């Protein structure tokens, strides 16, 4: 019996099992990685970054959306993005399996989407706003008038402080009338579905 | 192959059928009692520059200009724009933002014409035979005439017929299934020959192999009129069962061809094009009479009116003007609905003008349109699933939207919902389902826009970051180079082997001496001349 137990034939089922377990583990690993268009695995930072609104406004206290995404992966709170609002917080919470918390009031409240516009007759052509713009949405040259490319402006307001003559205005994008359909008011009133028997 | 697509003739016994649908009371008789009436010209007409969801047209006239009927007022902008023409002769009074008839009470740029009452036409060149013109020329004529879908969606017809896909069937849609609306039926009844002519022009443009005109079975007068008008051409007349929404493009195609238009595709992808009967008539006017789209048939009906009827209304006529022509009783008017009673929307401001897509105005009394009963809980009866013509499960969509899962609702086919309102009509719990769907759809659209924007911004941000990094690198590199080899110095002298403290001291002393010598030389004439030649001249 003992001679049989040390027979090399016993290695076959053991090595087979080992091979199967290992290959299954590798398969699971490969499936859990996300792949981008260039067939490179996407990091968690990329995934978090995709959820952020990319206004590059720095209201979170970081120098842009990607630095904040890196910080979130390292454990920073997910509620520091006012332009993203509730939607961004919810999708980040879902991605990272965290609780969806309210927006951090230290970063300011929710705002309506805006763009900026330069009062062109007052512009002195100092190029300070051009240097501040994170997405190259301001066009101009030294001592020449500058202008904001409205379609590219993220509404981050980073150009407003550097302007020495205060010639930049913030313009809300939404007019006073609703641009789209609203759900019936009831959607925000969960009490509606309490039946008389359940009432306390 | 192609001939098995449709039954050979209208007399064949094939039953046309699509799943779902409802049979609401038609309420069409009152407005059909009289013939189509040409409206008198109102004092002021307001032509909105926004006629479809495309970009606003660009005005080519100024305030104070005198314009003739049919004159071009604004050029189409972009691919989906339509040009705007003057609907009567008169003077341009102002070009400002003004209310337009839409769900939200938006304003859009509008041209106000003060009518001179003469109604003088611009010179037109009518033709007798459209076959003298090629398909592309005909299409261009339609586009320049500003024709767009008059059934309600308002998509520019010239754009719709510009696809290069092979078209087997052209369907002229005269089904008009929605309650209250009778404008197509009245038009078919009175001018069937214009629709037939328009259909033949459209068939020539899209090179369709076959052309059919579809009317619902309960509109016998229209079927009879059209039957006599098509006796000598190859166009076929098909009558389909009266069921809402048989007039919806996708349901109509499904009914006639047993083929569903795939989700996210257009009818031309399966070789079918549809056009409304009113559009066909407008095409006839544009090509044969050389008249741009400046009027349309609008049904004005409802209990708050004494004499509901169909009008051939000039585009830009204020809604209140038409209502007063029908003898409106403002005290009994509770809601004014634009469009039919199922798909229409409430108009709050009666000053809004008629636009291309205004097919019906319902001045409803309180008895006719009582306030909506309170929404109750879904009891999962499944009536909405039976009624849905698009084959969706409305109660599931509703569940997903209620739990804020719009993305999941999309997986259940939310974007295939045609917003016909059949589900909400049959719902015993009075749930305003379509409103939920519309809200969720606009949420999804907003999300999509947001994603597109953030992808663009991210790319621009990254490009900028890379550029800044490269610039810094370049700057650093050039500084290192300049440190290692100062300008004007002999390379061999600065080499480390020859470097010594005394040597350096000597070099500094030399440099100081050179500077002193230069300072002493400065006042001489030659220096000034070389530095500033303009000043050196006597």
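Structural remarks
- Listing of strands (runs of 3 or more DSSP E) fully contained in the range B:19-133 that carry 2 or more residues being within 14 Å of chain A (Cβ to nearest Cβ): B:90-99, B:107-115
- Condition broken by residue B:529, with the remaining ones in (1) in a helix (DSSP H, G or I); (2) modelled with pLDDT of 80 or more satisfied: (2)
- Filter result (within 12 Å of chain A (Cβ to nearest Cβ) and not in a helix (DSSP H, G or I)) within the range B:410-428: B:419
- The lone criterion from (1) at pLDDT 90 or above; (2) part of a loop (DSSP other than H, G, I, E, B); (3) out of contact with any helix residue (DSSP H, G or I) (no Cβ under 7 Å at 6 or more places or on another chain) left unmet by residue A:129 is number (2).
- Number of the condition not met by residue B:256 [criteria: (1) out of contact with any helix residue (DSSP H, G or I) (no Cβ under 8 Å at 6 or more places or on another chain); (2) surrounded by fewer than 17 Cβ atoms within 10 Å (Cβ to Cβ)]: (2)
- Those residues of the range B:399-409 which are closer than 12 Å to residue B:441 by Cα and surrounded by 18 or more Cβ atoms within 10 Å (Cβ to Cβ), in sequence order: B:401, B:406, B:409
- Restricting attention to the range B:440-451, the residues that are at the interface with another protein chain (Cβ under 10 Å from one of its Cβ atoms) and surrounded by fewer than 18 Cβ atoms within 10 Å (Cβ to Cβ) add up to 6.
- Set side by side, the residues B:434, B:463 differ, and just one is more than 8 Å from every other protein chain (Cβ to nearest Cβ) and either at pLDDT 90 or above or on the phi > 0 side of the Ramachandran plot (or both), which is B:434.
- Residue, surrounded by the most Cβ atoms within 10 Å (Cβ to Cβ), within the range B:197-222, restricted to residues that are assigned to a loop (DSSP other than H, G, I, E, B) and on the phi < 0 side of the Ramachandran plot: B:219
- Of B:266, B:273, B:293, all but one fail to be surrounded by fewer than 18 Cβ atoms within 10 Å (Cβ to Cβ), within 25 Å of residue B:147 (Cβ to Cβ) and under 19 Å from the mean Cα position of the chain (by Cα); the exception is B:266.
- All conditions in (1) in contact with a strand residue (DSSP E or B) (Cβ under 9 Å, 6 or more places away or on another chain); (2) within 28 Å of residue B:77 (Cβ to Cβ); (3) in a helix (DSSP H, G or I) hold for residue B:151, with the sole exception of (3).
- Inclusion of residue A:150 among residues that are within 14 Å of chain B (Cβ to nearest Cβ) and over 28 Å from residue B:404 (Cα atoms) is warranted.
- With respect to the stated conditions, residue B:325 fails to be under 23 Å from residue B:103 (Cβ atoms) and either outside the structural domain of residue B:187 (by TED's automatic domain parsing) or modelled with pLDDT of 90 or more (or both).
- Qualifying positions in the range A:63-95 - on the phi > 0 side of the Ramachandran plot and more than 14 Å from chain B (Cβ to nearest Cβ): A:75
- Within the range A:105-126, considering residues that are touching a strand residue (DSSP E or B) at 6+ places or on another chain (Cβ under 7 Å) and part of a loop (DSSP other than H, G, I, E, B), the one nearest to residue B:462 (Cα to Cα): A:112
- Residue in the range B:147-155 that is on the phi < 0 side of the Ramachandran plot and within 14 Å of another protein chain (Cβ to nearest Cβ) present: no
- Every residue from the range B:53-88 that is modelled with pLDDT under 90 and more than 19 Å from residue B:141 (Cα to Cα): B:53, B:54, B:55, B:56
Conditions (1) within 24 Å of residue B:345 (Cα to Cα); (2) away from chain A (no Cβ under 14 Å); (3) assigned to a loop (DSSP other than H, G, I, E, B), marked per residue:
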residue	(1), (2), (3)
B:364	yes, yes, no
B:367	yes, yes, yes
B:374	yes, no, yes
B:380	no, no, yes
B:400	no, no, no
B:408	no, no, no
B:430	yes, no, yes
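The values are calculated or read from the model by the stated rules, or taken from the named source; none is laboratory data. All values derive from a computational prediction rather than experimental measurement. Glycine also receives a Cβ, built like all others from the backbone with ideal geometry; neighbour counts cover every protein chain displayed.
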